[in-house]
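Each remark here refers to the structure printed beneath this line.
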Amino acid sequence: MRLPHGRVRRLVPAILAIAGLPALMGGCPPQRPPAVNTEIAELKEESAARSRQIVALESQLRTQSKQIRELMALPADQRLASIPHVVRIELAALSGGYDEQDDGIDEGIVVYLQPIDQDGDRIKAAGTATVRLVDLANPPPEQGVGTVSLGVEQLRACWYGRISSHFTIKVPWAGGAARAHHSPITAVVSFTEHLTGRTFGAQAAFEVTGVQNPSDAP
């Protein structure tokens, strides 16, 4: 059926308007609130920061893996030489009797244990330690007057590295004794390094105060 020519002319503008409506709607999307734009920007920045962190960690992992491969390729003796490890132990000069009550009577011996590496530096080496106090003036069965043994974690908690790097180990007199019977007292120290399994020893005699006189004995 053919429409009259005049009616067609009247319908053309309407048809064109309807055809252009989707384009007009698509060309003007609804505007997002500023808060949403800000949140999107923050999420993008957070994602970028995480990506950078992942890249840095991957680079660090590759470097460490390369170092491990190079280290494992070395002979055992050279491998150990390239890692800081203990070659001896020393007792710092301030080791000796301690008087926590400030009454002139030492309650035991404090030992400042210093592990020394192959370069002569003091290092915080993982290991176990035992300190025995010996009174050589006593008969042999009674010479032991104090002992302390510390595991890896216990010894680690004794590290002091601010001024003079050392492990601080306090050994009170055995049996809760209030004072030593004689002076000097010898401290015999052994340290077993966790890395190598080697045991190192040191000992020193220390003067103590407040020694019990024979007339004070019960």
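Out of the residues in the range 199-218 that are among the aliphatic types (A, V, I, L, M) and at pLDDT 80 or above, which is surrounded by the most Cβ atoms within 10 Å (Cβ to Cβ)?
First, pick out the residues of the range 199-218 that are among the aliphatic types (A, V, I, L, M): 202, 204-205, 208, 211, 217.
Going one step further and asking which of them are at pLDDT 80 or above, we end up with 202, 204-205, 208, 211.
Working: ALA202: 17, ALA204: 17, ALA205: 12, VAL208: 23, VAL211: 18.
The qualifying residue surrounded by the most Cβ atoms within 10 Å (Cβ to Cβ) is VAL208.
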Just to be sure, is LEU113 part of a helix (DSSP H, G or I), under 14 Å from ILE89 (Cβ atoms) and under 20 Å from the mean Cα position of the chain (by Cα)? no
Selection count where residues are in a loop (DSSP other than H, G, I, E, B) and among the aliphatic types (A, V, I, L, M), scope the range 137-147: 1
Looking at (1) closer than 18 Å to HIS182 by Cα; (2) free of Cβ contacts under 8 Å to residues at least 12 places away in the same chain, can you tell me which one GLY108 breaks? (2)
Any residue that is free of Cβ contacts under 8 Å to residues at least 40 places away in the same chain, of a type in the set (A, V, I, L, M) and in a loop (DSSP other than H, G, I, E, B) - is there at least one of those in the range 129-136? no
Considering the range 162-189, residues that are closer than 12 Å to GLY146 by Cα and charged (D, E, K, R), and then whichever is surrounded by the most Cβ atoms within 10 Å (Cβ to Cβ), we arrive at ARG179
Residues of the range 78-110 classified as loosely packed, with under 15 Cβ neighbours inside 10 Å, of a type in the set (S, T, N, Q) and either within 18 Å of TYR160 (Cα to Cα) or more than 22 Å from the chain's Cα centre (by Cα) (or both), total: 2
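The values are calculated or read from the model by the stated rules, or taken from the named source; none is laboratory data. Just so it is clear, the model here is predicted, and its values are computed rather than measured. Reconstructed Cβ throughout: ideal geometry from the backbone, glycine too, with neighbour counts over all protein chains shown.
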